[in-house]
């Protein structure tokens, strides 16, 4: 090619290369931008779709419907019977009932449900299948069984949780105190404590129209299946234009008593005898012929013949000085009382207290036996005063107990709170569970009557006094 033509060709080549370069750069940029837009758009779509449920998706997860609440059936058992029998009666087939009973036995170490205990069944409202059962093994422990389907059953022991709440009751006596108390749903232990507090008024002989108001506490399990009265807080009796009150309060030693409006302790101060006995076989004597040793020697007490195992109760408030073996007296308990007096209970078959513990008049401290040097079941009952034995049949125990002057102000404050609550209670026909409790300080107390028992009308007051105990 001529040299002139070559020179003319170079500008066109350079121009073509520049155009090609720009075209390549533009193509690469378009590709990169196109790829980035697609990625961002996909990311936004994924984020959008992940946060919603779209009916167009075939693989849409199915919404889970919550199981309906079970129907709870709680009952107090009227007979003792095998677990399987109760569950069959509740609708389970025999094999299934025996499976539940097997797990129950492993946990409770028993295949029986006991009369008076609470059983709660939780059933599916749609199918009627048993989902769970709960049985109060005692007042502290419950056995819980639950099915998780496919034959899986879990059984365990659980502590029963309680709440304490006050209850107010008011009624008028028209047909006898005990009958009216029963008609108004007053627990028997609370009735027993009222008779203890107002023993001088013979409650069952109250005239028609007498009015009763009271506040007591009950211990209720959180599931509502167990309810137990735990103590009397305050009580009021109106007979005509006279009003008699009782208030629970703790003294300086931490001992709880029922006091009247003037701060004087209510109820018996002491028991005449520590047990129900058949007859006195030997009295207090400076010279008695011993039936086993065949010699004459002093007898520093009285022998009260009673059936083996008869409960023996302390005759007055005191502190256990000794509880154990006492030589010829066998198993014995010594109780120290105010005024340098000690009561002695010998030949016991069983001791129910420990040295150093406080006891209240009527507390069970042991049971009649024939331990030691004894010819048969009886109680040797002795009284020691200032280190010398005295005749138990002539020695009086117990003294009038008043709220101390130092605690008087606190007692008055608590009394006014109780009275204000009693005044708000309607006069008749009310039975209310209050949302809170009345307290003034740690010195307040309640009279615990969970162990009180009712007996025949003739011996009821004495039995009530024996059954009374105090708790914090």
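Any read-out appearing in this document is the output of simple, stated calculations on the displayed coordinates, not a laboratory observation. Note that the coordinates shown come from a computational prediction; the quantities given were computed from them, not determined experimentally. A quick note on method: Cβ atoms are made from the backbone with ideal geometry, for glycine too, and the neighbour counts reach across all protein chains shown.
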* Any idea what the relative contact order of segment 303-390 is, in percent, if you count C-alpha pairs under 8 Å spaced at least 6 apart? -> 37
* Asked: Which order results if 388, 299 are arranged by neighbouring Cβ count within 10 Å, fewest first?
  -> 388, 299
* Structure fact -> In nanometres, the difference between 0.36 nm per residue of separation and the alpha-carbon distance of residue 208 and residue 272 is 19.8 nm
* Rg to Rh quotient for segment 303-390, alpha carbon positions, Kirkwood Rh -> 0.94
* To do: Between residue 355 and residue 413, with labels modelled 7 Å along Cα→Cβ, what's the label distance in nm to one decimal, could you check?
  => 4.0
* Rg and Dmax [Cα atoms of segment 60-195; Å; Rg one decimal, Dmax integer] -> 20.0, 73
* To do: Would you please state which residues of segment 117-132 a label at residue 73 would reach in this model, taking the label point 7 Å out along Cα→Cβ and a backbone N cut-off of under 14 Å?
  => 119-132
* Structure fact -> Final fewest-first order of 409, 329 on the 10 Å Cβ neighbour count is 409, 329
* Could you give the length gained on full extension between residue 393 and residue 262, defined as 0.36 nm per residue of separation minus the Cα-Cα distance, in nm? -> 44.0 nm
* **Residue list for segment 347-385, given a label point 7 angstrom along the Cα-to-Cβ vector of residue 228 and an amide N cut-off under 18 Å** => 364
* Asked: Among 267-273, 352-358, how do they line up from the highest to the lowest mean number of other beta-carbon atoms within 10 Å?
  -> 267-273, 352-358
